[in-house]
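Notes follow once the structure below has been shown.
The values are calculated or read from the model by the stated rules, or taken from the named source; none is laboratory data. Small disclaimer: the values here were computed from a predicted structure and weren't measured. Cβ atoms come from the backbone with ideal geometry, glycine included; neighbour counts cover every protein chain shown.
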Amino acid sequence: MSENDIHLAVGENTVIYGFNVDLPPAVKRLAAREHVEVRIFKVIYELLDDAKASMEALLAPEIVETEIGELEIKGVFRTMREEVIAGGEVKRGKVAKDLLARVKRGGEQIAEVEVSSVQRQQQEAKEVFEGEMCGLSLRTKKKITLEIGDKLEFFTRELVKKTLG
């Protein structure tokens, strides 16, 4: 490994990999001064694993949404600027606190909300399942007006790290 290798690698977030090579003191000093990271390995599989992990860290995570359930609005009790309290029937799956929901009217999405609480028979409930009625408190980013017949599609959203395979 030479000073020329360091000069070629000068830039943001650069790494030079070396396998079974020595790093002369002058090259090591230049690399430190130029903020070039040098990684030397004696075992090729360790070098490959490190390079793969470094490349995977650069990949943007994938957003994965998982459908959980659907509810039809049967009544709207209170509408505030950042909260709506409504009731409805779970048509599919389940409803639970902290789920996200798409508010749909006539098949068109009009908002996205978060479930802040769920009640069944005026008692706090962890989950409410298909065929059951429940009351919901929904957090909103802006004021929305729910109407009877609107659908809420519940889902989770998570970030999944991408890998190179």
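The selection criterion, being of a type outside the set (Phe, Trp, Tyr), crowded, with 17+ Cβ neighbours inside 10 Å and not in a strand (DSSP E or B), holds for residue 146.
Restricting 6, 63, 68 to those that are surrounded by 15 or more Cβ atoms within 10 Å (Cβ to Cβ), of a type outside the set (Phe, Trp, Tyr) and under 30 Å from residue 103 (Cα atoms) reduces the list to 68.
Take the residues of the stretch 22-60 that are loosely packed, with under 13 Cβ neighbours inside 10 Å and outside any helix (DSSP H, G or I): which is nearest to the chain's Cα centre (by Cα)?
Of all residues in the stretch 22-60, those loosely packed, with under 13 Cβ neighbours inside 10 Å come to 22, 24-26, 29, 32-33, 35, 42-46, 49, 53, 55, 57-60.
Right, trim to outside any helix (DSSP H, G or I) and you get 22, 24, 35, 42-43, 59-60.
Numbers: 22: 42, 24: 44, 35: 32, 42: 37, 43: 35, 59: 14, 60: 11 Å.
Across the stretch 22-60, the extreme among qualifying residues is 60.
Residues that are in contact with a helix residue (DSSP H, G or I) (Cβ under 8 Å, 6 or more places away or on another chain), of a type outside the set (Gly, Ala, Ser) and outside the structural domain of residue 132 (by TED's automatic domain parsing) do occur in the stretch 39-55. Considering the stretch 91-132, the residues that are among the basic types (Lys, Arg) and in contact with a strand residue (DSSP E or B) (Cβ under 6 Å, 6 or more places away or on another chain) include one that is farthest from residue 67 (Cα to Cα), namely 120. Given the conditions (1) within 30 Å of residue 155 (Cβ to Cβ); (2) in contact (Cβ under 8 Å) with a residue 60 or more places away in the chain, report the number of the one that residue 55 does not fulfil. Looking at each condition in turn, residue 55 falls short on (1). Looking at the structure I just gave you, is residue 98 assigned to a loop (DSSP other than H, G, I, E, B), surrounded by fewer than 16 Cβ atoms within 10 Å (Cβ to Cβ) and over 32 Å from the mean Cα position of the chain (by Cα)? For residue 98, the condition - assigned to a loop (DSSP other than H, G, I, E, B), surrounded by fewer than 16 Cβ atoms within 10 Å (Cβ to Cβ) and over 32 Å from the mean Cα position of the chain (by Cα) - is not met.
Take residue 96 and tell me if it is among the small types (Gly, Ala, Ser) and at pLDDT below 95. Taking the combined requirement at face value, the residue does not satisfy it.
For the stretch 129-139, does any single residue satisfy the condition of being exposed (fewer than 11 other Cβ atoms within 10 Å of the Cβ) and at pLDDT below 95? Before you say what the answer is, go through the steps one by one.
Looking only at the stretch 129-139, we keep the residues that are exposed (fewer than 11 other Cβ atoms within 10 Å of the Cβ), and these are 131.
Cutting the leftovers down to at pLDDT below 95 gives us none.
No; the residues of the stretch 129-139 include none that is exposed (fewer than 11 other Cβ atoms within 10 Å of the Cβ) and at pLDDT below 95.
With respect to the conditions (1) hydroxyl-bearing (Ser, Thr, Tyr); (2) modelled with pLDDT of 95 or more; (3) in the same structural domain as residue 20 (by TED's automatic domain parsing), residue 156 lacks only one, and its number is (3).
Residues in the stretch 116-143 that are at positive phi and part of a strand (DSSP E or B): none.
Quick one: in the stretch 71-93, of everything that is in a strand (DSSP E or B) and of a type in the set (A, V, I, L, M), which residue is surrounded by the most Cβ atoms within 10 Å (Cβ to Cβ)? Ranking the qualifying residues of the stretch 71-93, first place goes to 71. The conditions of being over 30 Å from residue 155 (Cβ atoms) and modelled with pLDDT of 90 or more are met by residue 38.
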